[in-house]
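Engineer: My questions will all concern the structure given below.
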Amino acid sequence: MIICIDIGGSGITAARASSPSAPTPLGRVPTPLDAFGAFVAAIRDIAGTADAPADTPIAISITGVVDPADGSITCANIPCIDGRRLSADLVAELGRPVFVANDADCFALAEASEGAGRGHRIVFGAILGTGVGGGIVIDGRIVTGAGGFAGEWGHGPVAATSAGDPPVAIPRFPCGCGQVGCVDTIGAARGMERLHKHLHGLDLPSTAIVEAWLAGDDKAARTIEVQIDLLAGPLALVVNIVGPDIVPVGGGLGKVPQFIALLDQAVRRRILRKLDTPLVVPTQLSLEPALIGA
């Protein structure tokens, strides 16, 4: 048995599992952000609801990047753990084995083992949620890379400065990572909202833009067209470099099959390998994939 926990900037969700296909949810509590003692207590308390032996291992999927060299975590969303060797610190506090991995990596592993990537050797899991992220799984193992940054296709100044048909100029928006022109600035939910305001002067949440697009709204359709054009090039480059058999998409937009179908078609037009079957596909997992990955 293992206790799997998914930790984000707003909440901690947990489950008890004897296999990836049979997790039993344990509930959700708010994430303490500023006090490490409160953070530890929250994990201890939610793990205590598992009705499991005190030495049962805990596996954590977490926002932030975990350096495989020393286990240190970079996590701006949760200041009290930023810079800590989180696994070692939690082992010392909780007295049981604790394993920690990035949430996008856990998503990719979940899709590779239990979802759309099942049976495929190389899986690239793309996240289109609040922002843009990703993870690589090869032969059932997460590829973290130097510093733990492998798969982070959302960052780097590579976003195009024009997109759509007819083309429209796209500013190089500043990114939270400190660079400008990152895919993260124009991809996923916040990127969709930023593009919609740039194109039409309208402040709308991504959910409303998607709803309007599906209902036939021309302005929303233009925003989606431009965003697909901006996303497809960088994702096609990832496909050419990594060589995945399948690219499952998680996050909010991974639950919009019409959006993913357009992205798949645009990516397949841009890659070297010619395919007649979908490559970029929606997530197949109904339970939180990061918990399954953990």
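The values are calculated or read from the model by the stated rules, or taken from the named source; none is laboratory data. All values reported here derive from a predicted model rather than from experimental measurement. Glycine gets a Cβ as well: all are built from the backbone with ideal geometry, and neighbour counts include every protein chain shown. To get the accessible areas, we keep the full protein, side chains included, count just its heavy atoms, and leave off ligands, DNA and RNA. Shrake-Rupley method; radii C 1.70, N 1.55, O 1.52, S 1.80 Å.
Engineer: How big is the convex hull of the Cα atoms of the stretch 1-73, per residue, in Å³?
Structural biologist: Output value, Cα hull per residue: 107 Å³.
Engineer: Grab the other residues whose beta carbon is less than 10 angstrom from that of Ala163, score K and R as +1, D and E as -1, and report the net.
Structural biologist: Once positives and negatives cancel, what remains is -3.
Engineer: Name the residues whose placed amide hydrogens come within less than 5 Å of the amide hydrogen of Arg84, ignoring near sequence neighbours (fewer than 5 apart) on the same chain.
Structural biologist: Ile73
Engineer: Considering only Ala188, Ala294, Ala17, whose Cα is most displaced toward the positive end of the charge dipole of the chain, charges sitting on Cβ of Lys, Arg (+1) and Asp, Glu (-1)?
Structural biologist: Of the candidates, Ala188 comes out farthest on the positive side.
Engineer: Just for the Cα atoms in the stretch 110-177, what are the lengths along the principal axes, largest first, rounded to whole Å?
Structural biologist: In descending order, the Cα extents are 41, 30, 19 Å.
Engineer: Note down the Stokes-Einstein diffusion coefficient of the stretch 32-124 in µm²/s, whole number, using a Kirkwood radius over alpha carbon pairs, 20 °C, and 1.002 mPa s.
Structural biologist: It diffuses with D of about 149 µm²/s by this estimate.
Engineer: Just the accessible area per residue of the chain, please: how many Å² with a 1.4 Å probe?
Structural biologist: 44 Å²
Engineer: Another question, then. Residues with amide H under 5 Å of Phe99's amide H, sequence separation 5 or more or different chain, H placed in the peptide plane at 1.01 Å from N; which?
Structural biologist: Result for Phe99 returns Ile58, Ala59, Ile60.
Engineer: Name the residue, out of Gly181, Gly131, Gly37, whose mean-square fluctuation peaks in a Gaussian network model built on the chain with Cα pairs under 10 Å.
Structural biologist: It is Gly37.
Engineer: Amide H of Glu288: which non-local residues (sequence gap of 5 or more, or other chain) have their own amide H closer than 5 Å, using H built in the peptide plane?
Structural biologist: Amide H neighbours of Glu288, under 5 Å, 5+ apart: none.
Engineer: If you don't mind, another one. Given an 8 Å cut-off on Cα distances and at least 6 residues of separation, report the relative contact order of the chain as a percent.
Structural biologist: Normalised by residue count, the contact order of the chain is 18 percent.
Engineer: The chain: Rg/Rh from Cα coordinates, Kirkwood Rh?
Structural biologist: My calculation puts Rg/Rh at 0.98.
Engineer: May I ask you to give the percent of accessible area on the chain that is carbon plus sulfur, with a probe radius of 1.4 Å?
Structural biologist: The value for the chain is 54 percent carbon and sulfur by accessible area.
Engineer: Can you check what the net charge comes to around Ser206, using other residues whose Cβ is under 13 Å from the Cβ of Ser206 (Lys, Arg +1; Asp, Glu -1)?
Structural biologist: +1
Engineer: Here is a further query. Taking only the alpha carbons of the stretch 167-294, what extent do you get along each of the three principal axes, in Å, biggest first?
Structural biologist: So the three principal-axis extents are 39, 32, 31 Å.
Engineer: For the stretch 69-84, what does the Karplus curve 6.51 cos²θ - 1.76 cosθ + 1.60, with θ = phi - 60°, yield as ³J(HN,Hα) per residue in whole Hz, taken in order and with x for Gly and Pro?
Structural biologist: 6, 10, x, 6, 10, 9, 8, 5, 5, 10, x, 6, 10, 4, x, 7
Engineer: Please compute the Kirkwood hydrodynamic radius of the stretch 116-223 from all pairs of different C-alpha atoms, in Å with one decimal.
Structural biologist: Roughly 15.4 Å, rounded to one decimal.
Engineer: Follow-up question, since we're still on this one. Taking loop as defined by DSSP and a crowding limit of 12 other beta carbons within 10 Å, which trypsin sites (Lys or Arg not before Pro) in the stretch 235-279 fit?
Structural biologist: Within the stretch 235-279, the qualifying trypsin sites (Lys or Arg not before Pro) (loop, at most 12 other Cβ atoms within 10 Å) are Arg273, Lys274.
Engineer: Name the aspartates and glutamates eligible as straight-distance cross-link partners of Lys274: C-alpha to C-alpha under 15 Å, and not fewer than 8 places from it in the same chain.
Structural biologist: Once the sequence-local aspartates and glutamates are set aside, what remains near Lys274 is Asp245, Asp264.
Engineer: Tell me, how many Å apart are the Cα centres for the stretch 160-182 and for the stretch 201-246?
Structural biologist: If you average the Cα positions of each part, the centres end up 13 Å apart.
Engineer: Where Lys and Arg each count +1 and Asp and Glu each count -1, what net charge lies around Asp139 among other residues with Cβ under 12 Å from its Cβ?
Structural biologist: +1
Engineer: Students often forget the sequence filter, so: which aspartates and glutamates lie under 19 Å Cα-Cα from Lys219 once same-chain residues fewer than 8 apart are removed?
Structural biologist: Asp165, Glu193, Asp203, Glu211, Asp229
Engineer: Within the chain, which complete DSSP H helices have Cα atoms spanning at least 24 Å along the helix axis and a mean Kyte-Doolittle hydropathy of 0.0 or higher?
Structural biologist: 218-242
Engineer: Hey, what number do you get for the chain at 222 nm if only DSSP H runs of n ≥ 4 count, each worth -39500 (n - 2.57), divided across all residues, to the nearest 500?
Structural biologist: -10500 deg cm²/dmol
Engineer: Here is a follow-up. Under unit Cβ charges (Lys, Arg +1; Asp, Glu -1), what dipole magnitude, rounded to 20 debye, does the chain have relative to its Cα centre?
Structural biologist: 480 debye
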